[in-house]
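Okay, structure first, notes after.
The values are calculated or read from the model by the stated rules, or taken from the named source; none is laboratory data. In this text the structure is predicted, and so the values were computed from the model without any measurement. Here the Cβ positions follow ideal geometry from the backbone for every residue, glycine too, while neighbour counts run over all protein chains shown. Please note that ligands, DNA and RNA were not included when accessible areas were found on the heavy atoms of the full protein model with its side chains. Shrake-Rupley method; radii C 1.70, N 1.55, O 1.52, S 1.80 Å.
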Amino acid sequence: MDRRLLSMFHACGTDPRVAAAARALSWSGEHGALWLAAGLTGAAVDRDRRSAWLRATALTATAHLASMGVKRVVRRPRPTHVTPRVSTAGRHSFPSSHAASAAAAAVAYGALGASVAVPLAAAMCLSRLVVGVHYPTDVAAGAALGAAAAKLGARWIGVRHG
């Protein structure tokens, strides 16, 4: 099922516009760069809640690092039945670190009022399937890890989650 779903999403990348958008999202999400930059921008712009933004950014980075640790333990190889549309920093697939940092940012930054983080995070997660470097279960596990990290850290950020 994982292979079939990946093949379906990967096929969406035959449209050059979709492939270009997916590649851009994948590139910007490398090592959580987009999300870390967004959090630091929030801290710079929202001076009244600077410490909350910095904590949210730290949680996003922590989720990314946690996913890298899990990846080293699980060591699931990346998909080989589709041709990747981007190069990757590593050989292992589970969980998706892009999805972990995206979901953590969506929860943490969303709680601070950055509602655009949620659809952007969803697009980031889907991009990993379109470019063919993760199975859907990799992305789901990464997103769950990231969202859980941000939810667990909500009190530390100073924001309540529902």
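If you take the square roots of the eigenvalues of the alpha-carbon gyration tensor of segment 1-78 and sort them as a ≥ b ≥ c, do you get rounded (a/c under 1.5), prolate (a/b over b/c) or oblate? Taking the square roots of the gyration eigenvalues as a ≥ b ≥ c, segment 1-78 is oblate. Taking θ as phi - 60° and the Karplus parameters 6.51, -1.76 and 1.60, the scalar couplings of segment 142-156 work out to x, 5, 5, 4, x, 5, 5, 4, 5, 5, 5, x, 4, 5, 5 Hz in sequence order, x denoting glycine and proline.
Comparing Arg91, Arg47, Arg128 in a Gaussian network model of the chain (Cα springs below 10 Å), the most mobile by mean-square fluctuation is Arg47. Here the 3J(HN,Hα) profile of segment 16-22, calculated from phi with Karplus coefficients 6.51, -1.76 and 1.60 at θ = phi - 60°, is x, 5, 5, 4, 5, 5, 5 Hz, Gly and Pro shown as x. Amide hydrogen proximity for Val82: with H placed 1.01 Å from N in the peptide plane, no residue at 5 or more positions away or on another chain lies under 5 Å.
In order along segment 73-79, the phi-based Karplus estimate (6.51 cos²θ - 1.76 cosθ + 1.60, θ = phi - 60°) of 3J(HN,Hα) comes to 7, 6, 6, 6, x, 5, x Hz; Gly and Pro are listed as x. The modelled label-to-label distance for the pair Ala44/Arg91, using points 7 Å beyond Cα in the direction of Cβ, is 3.9 nm.
Annotation: Leu65 carries an accessible surface of approximately 110 Å², with a 1.4 Å probe and no ligand, DNA or RNA atoms counted. Once you order the gyration tensor axes a ≥ b ≥ c over the Cα atoms, which shape class does segment 102-162 get: rounded for a/c under 1.5, otherwise prolate or oblate by comparing a/b with b/c? Since a/c reaches 1.5 but b/c is at least a/b, the shape of segment 102-162 is classed as oblate.
Let me know the shape class of segment 34-162, please: from the alpha-carbon gyration tensor, a ≥ b ≥ c as square roots of the eigenvalues, rounded when a/c is under 1.5, otherwise prolate if a/b is greater than b/c, or oblate.
On the way: a/c = 2.38, a/b = 1.96, b/c = 1.21.
It comes out prolate by the Cα gyration axes.
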